[in-house]
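These notes concern the structure reproduced below.
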Amino acid sequence: MTMSYLSTLQLDREPFSTSPDPAFFYRSQEHYTALNRLEIAIRLKRGLSIILGDVGTGKTTLSRALLQSFNGEEGDYVFHMILDPAFKSEYQFLSYLTKLFGITPFFRSTIDYREAIERYLFTMCVEKGKTVVLLIDEGQKLNQPQLEVLRTLLNYETNEYKLLQLVILSQLELLPRIKKINNFLDRVSLKYMLNPLDEYEVGQMIDFRLKQAGYRGEKSLFSFESIRKIYEYTKGYPRQIARICHNAMEQLIMEDRECVNGEMIDQIISQEKIW
């Protein structure tokens with residue numbers, strides 16, 4: 001069935017998956033800027049970078065694209081990722097970090113954990129000359145004790161650079177939380193807000209994903225009217241755009257049409273609103 005779907009639409013791959021595949025990461029001007037500034041901050045060892053954005057603006061896919069931009073440099077850059085930082089206590093968070101960093105043996109107190117992490121960072125970054133990067137997705141789940149731990153880790157530095165390069169990708173509710181912590185915001189070397197796409201970028205994202213999936217047809221599979229309606233309904237949020245477009249492609253096959261038009265998008269939106 002999948003092969004029939006793909007071959008009918010002249011595709012090699014599914015173009016509108018909502019999985020964070022960096023191959024399908026459309027680099028709008030904002031996403032391109034965020035990605036490049038993150039890479040510069042890491043290479044210059046600036047310390048803390050925070051990327052904020054609403055649900056579905058592409059933060060997770062951005063993090064995967066960032067990892068991909070360092071492909072081939074694994075000997076110099078050591079990346080660690082936390083996908084769900086919902087820890088119950090400072091002790092549990094520190095314990096998880098030591099395991100993530102591959103630090104053994106395990107310890108009994110938060111002080112032991114902090115000292116072990118500091119030794120690890122010094123060994124990796126100063127003695128071995130590597131850059132250690134910690135990416136935290138879903139940063140809005142970080143509570144005050146966890147943020148205090150991260151603030152402490154950012155204190156570990158040489159005269160020239162921070163030992164830990166920390167990237168937090170979060171929804172907007174993190175911002176008032178970090179404002180309550182003394183000396184946290186002034187440690188942020190990069191602050192960037194991801195906004196939704198505009199109407200032109202929605203069309204560009206759709207075309208980009210289709211081409212990445214192997215589409216080489218001369219005619220666009222989406223009419224201008226359908227793109228306008230997709231933009232009006234999704235407000236430019238990439239995840240929602242991908243979902244609507246996937247449903248539109250299914251309908252395109254079922255109705256044996258050559259192009260997604262505005263009427264089809266209206267039907268899909270009506271079905272969505274039922275739920």
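Quick one: V202, V133, V78, fewest Cβ neighbours within 10 Å first, how do they rank?
Fewest to most other Cβ atoms nearby, the residues stand as V78, V133, V202.
For E225 and I253, compute 0.36 nm times the residue count separating them, minus their Cα-Cα distance, and round to one decimal in nm.
8.2 nm
Could you tell me which of L35, F79, Q68 has its Cα farthest along the dipole of the chain towards the positive end, charges placed at Cβ (Lys, Arg +1; Asp, Glu -1), taken about the Cα centre?
F79
For the stretch 75-110 and the stretch 145-182, what is the centre-to-centre distance using only Cα atoms, to the nearest Å?
If you average the Cα positions of each part, the centres end up 15 Å apart.
Give me D266, D256 ranked fewest to most by other Cβ atoms within 10 Å of their Cβ, as a rough exposure proxy.
Sorted ascending by nearby Cβ count, the order is D256, D266.
Counting DSSP beta bridges with both partners in the stretch 29-194, what percentage is antiparallel, nearest 5?
Approximately 5 percent, going by the DSSP bridge assignments.
Cα-Cα over 31 Å: which of K99/K191; K88/K235; K99/K180; K128/K180?
K88/K235; K128/K180
For the chain, modelled as a GNM with alpha-carbon contacts under 10 angstrom, which of K141, K59, K179 fluctuates the most?
K179
With N denoting the number of residues in the chain, provide Rg(C-alpha) divided by 2.2 N^0.38 Å, to two decimal places.
Cα-based Rg divided by the globular estimate yields 1.18.
Quick check: the angle from helix 224-234's long axis to the longest principal axis of the chain, C-alpha only, nearest 10 degrees?
That helix lies at roughly 40 degrees to the long axis.
Please give the charge dipole size of the stretch 29-194, origin at the Cα centre, charges +1 on K and R Cβ atoms and -1 on D and E Cβ atoms. Round to the nearest 20 debye.
240
For n ≥ 4 DSSP H runs only, could you compute -39500 (n - 2.57) per run for the chain, divide by its residues and tell me the 222 nm figure to the nearest 500?
-14500 deg cm²/dmol
Compute a Gaussian network model of the chain, connecting alpha carbons closer than 10 Å, and tell me which residue from N36, N247, N183 fluctuates the most.
Fluctuation is largest for N183.
Does the stretch 82-173 come out rounded, prolate or oblate, given a ≥ b ≥ c as the square roots of the eigenvalues of its C-alpha gyration tensor, rounded meaning a/c under 1.5 and, failing that, prolate meaning a/b above b/c?
oblate
Once you've got the GNM for the chain with C-alpha springs shorter than 10 Å, pick whichever of I51, I111, I265 has the biggest mean-square fluctuation.
Maximum among the listed residues: I111.
Aspartates and glutamates within cross-link reach of K45: Cα-Cα under 18 Å, excluding same-chain residues under 8 positions apart?
E73, E74, D76, E118, E127, E157, E160, D186
Full-extension gain between E127 and I269, please, as 0.36 nm times their residue separation minus the C-alpha to C-alpha distance.
Additional length available on full extension: 45.4 nm.
Of F87, F122, F25, how do they rank once you tally other Cβ atoms within 10 Å and put the fewest first?
The most exposed by this proxy come first: F122, F87, F25.
None of the figures in this text is laboratory data; all of them are computed from the coordinates on show. Treat the numbers as computed from the prediction; the structure is a model and nothing was measured. All Cβ positions, glycine included, derive from the backbone under ideal geometry; neighbour counts span all protein chains shown.
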